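Below you'll find the structure, written out as structure tokens, and then a few comments.
The values are calculated or read from the model by the stated rules, or taken from the named source; none is laboratory data. What you see is a predicted model, and the numbers here were worked out from it, not measured in a lab. Quick reminder, even Gly has a Cβ in these numbers, built from the backbone with ideal geometry, and neighbours come from all protein chains shown. SASA here: full protein model, heavy atoms, side chains in, ligands and nucleic acids out. Shrake-Rupley method; radii C 1.70, N 1.55, O 1.52, S 1.80 Å.
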Amino acid sequence: MTQSFLSALLGAERPVIMEVKSRDAHGADLLRGRTPGDIAAAYQRAGAPCVSVVTGRWFGGSAAMLHEVTARVDVPVLLKDFVTRHDQITAAARAGVSAVLLTAALLPRESLHDLARACRAHGLTPFVEITDAEEATGLPNPQDCVVAVNNKDITARERDAGDLDRSRALLPAVRAAGTLCPVSASAVGDPATAAGLLAEGYRGLLIGTALLRAPSVDAWLAAFDAHRAAGPEETGRTVVPLTVEAPPVLPHPAPMADAAAARPDTSAAPAGEAEDVPA
């Protein structure tokens, strides 16, 4: 079994979750003749601590992409789709992922918390995506969850340019929720901006389109490293120290026997969007 998603991200020198997806929100091709497996393998060679795979139909994804990626990399993999049911989590675990996206804006609070517990029952990291402060509150075992601020508008199918000020405004609430790993996700385009978000206190970033469009992933990451080394003076942002020191490596959560089976499935996914991940 690979290292847990949360441990890998917290222990990474360069905490960037590098994402594979087929197309952007407007339908533009992001693979450009490459296979998802080749892209994921290149990310691993570039030092990615974790890889994300978008299997949702909005972005031209499929379950086959997930299997191709998990077969090519040894780092923890995040499944990104509209997950709303226990059987999707079970199938994701069988497919070899280490974390599952849970979109708070699409799930009633009780269902969100229930699915987070189901993830932990399978030894997976709940990757809880929020767009407002209330969505981050009350998570079960928040120290075992990643809480990610989505900088884009899901109601517009993420076709907007994104608002990075959302990440900046919500960081105190995300920290207060109890997660050890706040993440800024989506619309993080240039290396200087990415470095600035880490300087402000985020413990991880999820970056897809910028890396997929970059002429060279290695060059993008080298620029990112240079901006981080230059410090907050270059990014123009203030460093906000963490109030909780996270351990460098966390153990992979042990599966809790029969925990998921004891709870009923949650409500059905949005019509025509969610994908079941085959075992």
note = The residue from L170, L198, L164 that alone is touching a residue at least 60 places away in the same chain (Cβ under 8 Å), farther than 26 Å from H86 by Cβ and open to solvent by 10 Å² or more (accessible area, probe 1.4 Å) is L198
query = Out of all the residues in the range 213-223, is one or more at pLDDT 95 or above, at positive phi, of a type outside the set (D, E, K, R) and outside any helix (DSSP H, G or I)?
reply = no
request  = Quick one: count up the residues across the range 87-101 that are open to solvent by 10 Å² or more (accessible area, probe 1.4 Å) and in a helix (DSSP H, G or I).
outcome  = 5
inquiry  = Looking at the range 212-223, can you tell me whether even one residue there is closer than 16 Å to A40 by Cβ and free of Cβ contacts under 8 Å to residues at least 24 places away in the same chain?
reply    = yes
key: the range 27-50, residues that are in a strand (DSSP E or B) and either out of contact with any Ser or Thr (no Cβ under 9 Å at 6 or more places or on another chain) or surrounded by fewer than 17 Cβ atoms within 10 Å (Cβ to Cβ) (or both)   = D29
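May I ask you to verify whether T55 is crowded, with 24+ Cβ neighbours inside 10 Å, over 19 Å from A8 (Cα atoms) and of a type in the set (S, T, N, Q)?
Numbers: crowded, with 24+ Cβ neighbours inside 10 Å: yes; over 19 Å from A8 (Cα atoms): yes; of a type in the set (S, T, N, Q): yes.
Answer is yes for this residue.
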remark   = Scanning the range 1-20 for residues that are modelled with pLDDT under 95 and buried (at least 18 other Cβ atoms within 10 Å of the Cβ), the one farthest from C145 (Cα to Cα) turns out to be Q3
